[in-house]
Amino acid sequence: MVTAPIMSACETCVVRNRAICSALDTQEINALNQLGRRRAVTAGEPLIWEDDDSLLVANVIEGVLKLTTSTEDGREQIVGVAYPSDFIGRPFGHTTKASVVALTDARVCVFARSDFDRFAKEHPELEHKLLERTLAELDRTRSWMMLLGRKTAAEKIATFLLEMSDRLSDNVGCQVFPGPRPRFTLPFSRQQVADVLGLTIETVSRQFTRLKSEGVIELPSRREVEIIDRAALVGQAG
C-alpha cells in the first residue's frame, strides 16, 4: 500500500468534475488537500472492514471496489460496487456497515473520517453533494431490489451488462469516455457475477453463451465483453 500527499493533484484529477469535491471552489479544494492522501490499493486488498470503527472515507479515482457484508457463518455477499468518482466510507457515523475491498488495482483519495466530518460541517455545499449522492445511492438500491426480486435470469444479466457499460464508461485509466462503452473488461469473475445477481455460475455462463450466439454480445476473452446490439440488450433487460 502506497500513500502520498494529494498536494495540487486535484487540479488534474480525472474525476475532479464528478466527485463530491466538485462542489468546492479553488480555495476550499486547497484546504481539503491538506486533509487527504492519495492511496494505491491492489486488487484483493481491503480498504475498510465491516463493523470496524469508521476511521476513514474516500473518493475513488481509478479502479473498481466492492462493498460486502458477511453472514454469521462467514459467507460473503456483495452489496454494492464503487466506481471512479464514487464516495465510500461512512461520514458522520461511528462504525462501518460494509467492508470495502478492491476488485481491481485502484487509486483513492482518503481522508480521516473525523477531519472530513468537520470540514463538511463547515462547507454546506459539500454536505449538499453528500446528500445528493446518498439519495442517488438509495435510488440505485431500490432498482437493485427490483432486479433481484422480480427479474428473470436473462433480464438480470442484460441489466447487469448495461450497468457495467454505463458505469465503466466514465473513466478508464486517465481517458474519459463520453458515453456507454461498447467494449469493457468486467471487474468480476463469473462466480462474483452470480453472487451479485443471486444466480448460479452455470446460469450466468449459459446466459452469456446465449447472448453471444444471438449476436447481442461478443466475448473476446473470459472477462471482456463487447456489446454488438445495444438495442437488443436493452430489450432483454425488460
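The table below lists the values:
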read-out	value
All positions within region 210-238 that are within 10 Å of L161 (Cβ to Cβ), assigned to a loop (DSSP other than H, G, I, E, B) and at pLDDT 95 or above	V216
Criterion violated by V108 - all others in (1) modelled with pLDDT under 90; (2) not in a loop (DSSP other than H, G, I, E, B) satisfied	(1)
Conditions (1) under 25 Å from T42 (Cα atoms); (2) surrounded by 15 or more Cβ atoms within 10 Å (Cβ to Cβ): number failed by D117	(1)
Region 61-79, residues that are closer than 22 Å to C13 by Cβ and in contact with a Lys or Arg (Cβ under 8 Å, 6 or more places away or on another chain)	I61, E62, G63
Residue that is nearest to S22 (Cα to Cα), among those in region 120-145 that are among the aliphatic types (A, V, I, L, M) and exposed (fewer than 12 other Cβ atoms within 10 Å of the Cβ)	L131
Matching residues, region 39-54, being assigned to a strand (DSSP E or B) and over 14 Å from A112 (Cβ atoms)	A40, V41, P46
Looking only at region 155-200, and only at residues there that are closer than 18 Å to A82 by Cβ, modelled with pLDDT of 85 or more and among the polar types (S, T, N, Q), the one that is surrounded by the fewest Cβ atoms within 10 Å (Cβ to Cβ)	S189
Residues (part of a loop (DSSP other than H, G, I, E, B) and closer than 17 Å to R167 by Cβ) located in region 66-104	Y83, P84, S85, D86, L103, T104
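Per-residue answers, yes or no, for (1) closer than 23 Å to R39 by Cα; (2) crowded, with 22+ Cβ neighbours inside 10 Å; (3) without any contact (Cβ under 8 Å) to a residue 24 or more places away in the chain; (4) not aliphatic (A, V, I, L, M):
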position: L56; (1), (2), (3), (4): yes, yes, no, no
position: N59; (1), (2), (3), (4): yes, yes, no, yes
position: V64; (1), (2), (3), (4): yes, yes, no, no
position: D73; (1), (2), (3), (4): no, no, yes, yes
position: T96; (1), (2), (3), (4): yes, yes, no, yes
position: V100; (1), (2), (3), (4): yes, yes, no, no
position: V108; (1), (2), (3), (4): yes, yes, no, no
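The values are calculated or read from the model by the stated rules, or taken from the named source; none is laboratory data. Note that the coordinates shown come from a computational prediction; the quantities given were computed from them, not determined experimentally. Note: ideal-geometry Cβ built from the backbone for every residue, glycine included; neighbour counts use all protein chains shown.
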